[in-house]
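The values are calculated or read from the model by the stated rules, or taken from the named source; none is laboratory data. Computed from a prediction, not measured in an experiment: that's the story for all the values here. All Cβ positions, glycine included, derive from the backbone under ideal geometry; neighbour counts span all protein chains shown. With ligands, DNA and RNA removed, areas are computed over all heavy atoms of the protein, side chains included. Shrake-Rupley method; radii C 1.70, N 1.55, O 1.52, S 1.80 Å.
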Amino acid sequence: MLIEKTSIRARYCETDQMGHVNNGVYPNWFEVGRTELFRQLKMPYSEFEKKGFFMPIVELHVKFIFPAFYDEIVTVTTMIKELPLTRVVVFYEIHNEKEKLLVTGETTQVFLDAKTMRPTRIPDFLREDMIRFFAN
């Protein structure tokens with residue numbers, strides 16, 4: 001399994017009048033976690049695109065359990081549980097500083113060839129970088 005933990009401080013502009021983080025912010029936080037996970041692989045998304053691939057999201061699921069509040073530091077735990085083939089499912093958990101579970105979610109992304117804009121298998125360079133996390 002591939003796991004990355006990223007801390008984020010909830011900004012005022014991300015909250016509503018009650019001080020709760022707006023529901024639409026959590027998918028952005030998922031993206032922050034996913035970006036850092038791929039950076040851990042030494043494959044930032046910008047490099048992935050330079051190599052001729054895209055990874056658009058085709059599904060997004062979010063379960064709201066408890067709100068995050070203004071100025072709280074939350075931890076986004078981002079996980080890939082299975083070695084991808086043509087799509088990658090990424091799981092997320094967001095906890096507050098007291099380790100209370102706030103949100104869970106998942107995204108499904110497909111690998112696209114940037115030239116043809118057609119789905120493709122996971123690029124060999126990415127598969128080679130990821131396989132060590134799925135040796136079992």
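A few points about this structure:
- GLU4 accessible area, assembled protein chains, probe 1.4 Å, Å²: 40
- Entry comment: accessible area of region 50-93 is 57 Å² per residue, from protein heavy atoms only and a probe of 1.4 Å.
- Counting only lysines at least 8 places from LYS51 when in the same chain, those with an alpha carbon closer than 17 Å to its own are LYS42, LYS115.
- Contact order normalised by residue count of region 52-136, Cα under 8 Å, 6+ apart, percent: 35
- Per residue, the chain reaches -6000 deg cm²/dmol at 222 nm when only DSSP H runs of four or more residues are counted, each adding -39500 (n - 2.57).
- Set of lysines with alpha-carbon distance to LYS98 below 18 Å, sequence-local pairs under 8 removed: LYS5
- For the chain, the spread of Cα positions along the three principal axes, ordered from largest to smallest, is 46, 33, 22 Å.
- For region 20-60, diffusion coefficient by Stokes-Einstein and Kirkwood Rh (Cα), 25 °C, 0.890 mPa s, µm²/s: 213
- Trypsin sites (Lys or Arg not before Pro) within region 18-54, DSSP loop, no more than 15 other Cβ atoms inside 10 Å: LYS42, LYS51
- To the nearest ten degrees, helix 26-40 and the longest principal axis of the Cα atoms of the chain are 50 degrees apart.
- Rolling a 1.4 angstrom probe over the chain with all protein chains present gives an accessible area of which 50% lies on carbon and sulfur atoms.
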